[in-house]
Amino acid sequence: MQPKPQKRYKALQPLSREHHHGLLLSWKIRAGFSKNIDPKRMKLYADWFFKTHLVTHFEMEETHIFSILSDDNILVKQALADHRRLKRLFTETEDDTKALSKIEEELDQHIRFEERVLFPEIQKVATEAQMRHIEKIHQPETFVDKLDDEFWK
């Protein structure tokens with residue numbers, strides 16, 4: 001049985017939409033592997049996605065979202081460790097196939113962890129003022145995809 005979707009605070013909804021695009025990146029990588037696409041093509045897209053979307057997303061979470069919980073919170077520590085590991089994987093230059101395979105798997109797991117475990121915990125303790133602050137500083141952007149090489153189709 002699938003877990004019931006969490007009702008997300010309005011302030012966190014843009015981050016959840018960004019998570020959806022991250023899950024799509026994992027899906028695109030899986031699709032590329034299933035079609036035997038050259039890993040260099042997929043890595044170009046993954047690098048673009050990382051620089052264009054994930055870097056700012058991670059910064060927002062690390063600066064404004066995770067701080068709602070204490071620095072020594074085990075869930076925050078896990079999320080920060082995930083971010084560090086993902087950043088290393090995205091900057092890996094030795095073996096594109098291995099890096100993409102790990103990105104696909106770990107990004108998917110990380111996003112599901114944030115959505116199912118970390119964000120609900122944050123919602124339990126966040127004050128209205130904290131949520132209003134997040135809503136004010138994090139304006140949702142319209143996602144624009146890089147469609148010059150749709151290797152996943």
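The values are calculated or read from the model by the stated rules, or taken from the named source; none is laboratory data. Keep in mind that this is a model prediction, so the values were computed, not measured. With ideal geometry, Cβ positions are generated from the backbone for all residues, glycine too; neighbour counts draw on all protein chains shown. Heavy atoms of the whole protein, side chains included, go into the accessibility calculation; ligands, DNA and RNA do not. Shrake-Rupley method; radii C 1.70, N 1.55, O 1.52, S 1.80 Å.
Of all residue pairs spaced 6 or more apart or on separate chains, those with beta-carbon atoms under 7 Å, a first member in region 98-110 that is touching a residue at least 40 places away in the same chain (Cβ under 8 Å) and a second member that is among the aromatic types (Phe, Trp, Tyr) and assigned to a helix (DSSP H, G or I) are 103/90. Counting only helices (runs of 4 or more DSSP H) wholly contained in region 1-94, the ones carrying 1 or more residues that are open to solvent by 60 Å² or more (accessible area, probe 1.4 Å) and among the β-branched types (Val, Ile, Thr) occupy 55-60, 74-90.
Just one of the numbered conditions (1) open to solvent by 70 Å² or more (accessible area, probe 1.4 Å); (2) of a type in the set (D, E, K, R); (3) under 13 Å from the mean Cα position of the chain (by Cα); (4) under 28 Å from residue 10 (Cα atoms) is not true of residue 106: (1).
In region 53-60, is there at least one residue being of a type in the set (D, E, K, R) and touching a His at 6+ places or on another chain (Cβ under 9 Å)? Talk me through it step by step, then tell me what you get.
Of region 53-60, the ones of a type in the set (D, E, K, R) are 59.
Applying the additional criterion that residues be touching a His at 6+ places or on another chain (Cβ under 9 Å) yields none.
No, the conditions are met nowhere in region 53-60.
For region 118-135, the condition of being closer than 16 Å to residue 10 by Cα, outside any helix (DSSP H, G or I) and in contact (Cβ under 8 Å) with a residue 24 or more places away in the chain holds for at least one residue.
Of (1) under 16 Å from the mean Cα position of the chain (by Cα); (2) open to solvent by 60 Å² or more (accessible area, probe 1.4 Å), residue 125 satisfies all except one. Which? The single condition residue 125 does not satisfy is (1).
Restricting to region 65-124, give me the number of residues that are β-branched (Val, Ile, Thr), out of contact with any helix residue (DSSP H, G or I) (no Cβ under 6 Å at 6 or more places or on another chain) and more than 17 Å from residue 44 (Cβ to Cβ).
Going through region 65-124 one residue at a time, the tally reaches 3.
Is at least one residue of region 129-141 open to solvent by less than 20 Å² (accessible area, probe 1.4 Å) and over 17 Å from residue 24 (Cβ atoms)? There is at least one residue in region 129-141 that is open to solvent by less than 20 Å² (accessible area, probe 1.4 Å) and over 17 Å from residue 24 (Cβ atoms).
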